[in-house]
Amino acid sequence: MKAYTIKTIGRLIARKLWGATTDLLPIVLVIAFFQLLVVRQPLPHVGEVIFGALLVVTGLALFIQGLEMGLFPIGEALATALARKGSLFWLLTFAFALGFSTTVAEPALIAVAGEAADIAAAGGLIQADDQARSSYAFGLRMSVAVSVGIAILVGVLRILRGWPIHYLIIGGYVMVMLMTLIAPAEIIGIAYDAGGVTTSTITVPLVAALGVGLASVIRGRSPLTDGFGLIAFASLLPMIFVMGYGILVFN
């Protein structure tokens with residue numbers, strides 16, 4: 001039994017590593033093509049690059065396995081439990097808290113907010129000191145996190161009430177275009193990027209699991225047609241909120 005278990009685990013690890021390798025293979029081929037045929041220069045630090053690629057493959061395989069074992073099940077289980085509890089208040093509170101907390105912890109958002117603060121300081125938009133940069137980056141992060149929390153809350157209401165998703169998405173992008181007309185030019189690019197950095201490694205799995213789990217237990221809702229779409233709101237509202245933040249800071 002022990003040998004069988006070890007063999008099974010070995011096959012699982014090999015399958016995950018092979019899957020991660022095939023996922024990264026197009027990136028490797030593109031880099032190799034341009035390095036060897038266009039740039040025509042030897043790859044610097046080949047040993048470090050190969051070792052780093054192996055770490056990326058291993059990390060990606062472990063990350064995907066962790067999503068399947070941990071984040072997806074817990075997101076679906078919490079959504080199912082709260083829906084069956086029948087408390088709209090706690091369900092909406094959980095939706096907002098989940099969107100807010102996962103976004104605050106998003107590494108991509110932390111990096112982009114810090115970079116935006118450094119560039120704003122260099123461009124003279126804010127004071128060139130640590131406190132001003134920290135305050136500006138914190139404001140960006142909070143703006144995005146609150147917007148994602150509200151976005152997930154609205155997405156959950158959409159699933160509960162059966163609202164057509166296309167009306168909400170179209171209305172949201174009309175608001176984005178109107179905000180673009182009045183927002184300072186210095187914040188527009190950051191706002192548009194904020195819609196992408198929120199939908200990354202931490203936010204997407206939990207939010208998608210929330211939508212699917214919720215649609216699975218509500219009568220008349222389909223996980224296929226109603227369970228998805230929360231990520232669209234999580235990408236849309238940060239653009240509006242960050243442009244609003246820019247209007248407050250730069251005007």
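A few comments on the model shown:
- In this structure, residue 208 qualifies as closer than 24 Å to residue 141 by Cα, open to solvent by less than 50 Å² (accessible area, probe 1.4 Å), in contact with a helix residue (DSSP H, G or I) (Cβ under 8 Å, 6 or more places away or on another chain) and of a type outside the set (D, E, K, R).
- Any pair with Cβ under 7 angstrom, 6 or more apart, that starts in the stretch 175-192 at a residue that is hydroxyl-bearing (Ser, Thr, Tyr) and ends at one that is at pLDDT below 90 and in a helix (DSSP H, G or I): none
Condition check ((1) basic (Lys, Arg); (2) more than 30 Å from residue 205 (Cβ to Cβ); (3) in contact (Cβ under 8 Å) with a residue 40 or more places away in the chain) across all residues:
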site	(1), (2), (3)
114	no, no, no
119	no, yes, no
122	no, yes, no
129	no, yes, no
133	yes, yes, no
136	no, no, yes
145	no, no, yes
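- Search result, residues across the stretch 99-111 that are surrounded by 19 or more Cβ atoms within 10 Å (Cβ to Cβ) and at pLDDT 85 or above: 99, 100, 103, 109
- Of the residues screened, residue 151 is one that is among the small types (Gly, Ala, Ser), closer than 24 Å to residue 215 by Cβ, within 23 Å of the chain's Cα centre (by Cα) and surrounded by 14 or more Cβ atoms within 10 Å (Cβ to Cβ).
- Scanning the stretch 160-174 for residues that are part of a helix (DSSP H, G or I) and either among the small types (Gly, Ala, Ser) or without any contact (Cβ under 8 Å) to a residue 40 or more places away in the chain (or both) turns up 161, 166, 167, 170, 171, 172, 174.
- Top-ranked residue of the stretch 154-184 - restricted to ones that are open to solvent by 100 Å² or more (accessible area, probe 1.4 Å) and of a type in the set (A, V, I, L, M, F, W, C), ranked as farthest from residue 241 (Cα to Cα): 163
- Here residue 114 meets each of (1) of a type outside the set (Val, Ile, Thr); (2) surrounded by fewer than 22 Cβ atoms within 10 Å (Cβ to Cβ); (3) under 29 Å from residue 212 (Cα atoms) with one exception, condition (3).
- Matching residues, the stretch 217-242, being touching a Ser or Thr at 6+ places or on another chain (Cβ under 7 Å) and either surrounded by fewer than 17 Cβ atoms within 10 Å (Cβ to Cβ) or more than 17 Å from residue 153 (Cβ to Cβ) (or both): 217, 223, 242
- Of the residues making up the stretch 117-148, those that are surrounded by fewer than 16 Cβ atoms within 10 Å (Cβ to Cβ) and outside any loop (DSSP other than H, G, I, E, B) are 118, 119, 122, 130, 131, 132, 134, 135, 138.
- Scope the stretch 9-24; condition surrounded by 11 or more Cβ atoms within 10 Å (Cβ to Cβ) and among the aliphatic types (A, V, I, L, M); matching residues: 12, 13, 14, 17, 20, 24
- Of the residues making up the stretch 38-90, those that are within 14 Å of residue 213 (Cβ to Cβ) and open to solvent by 80 Å² or more (accessible area, probe 1.4 Å) number 3.
The values are calculated or read from the model by the stated rules, or taken from the named source; none is laboratory data. Note that the structure is predicted; figures quoted are calculated from it, not measured. Neighbour counts are summed over all protein chains in view; Cβ atoms, including those assigned to glycine, are modelled from backbone coordinates with ideal geometry. Heavy atoms of the whole protein, side chains included, go into the accessibility calculation; ligands, DNA and RNA do not. Shrake-Rupley method; radii C 1.70, N 1.55, O 1.52, S 1.80 Å.
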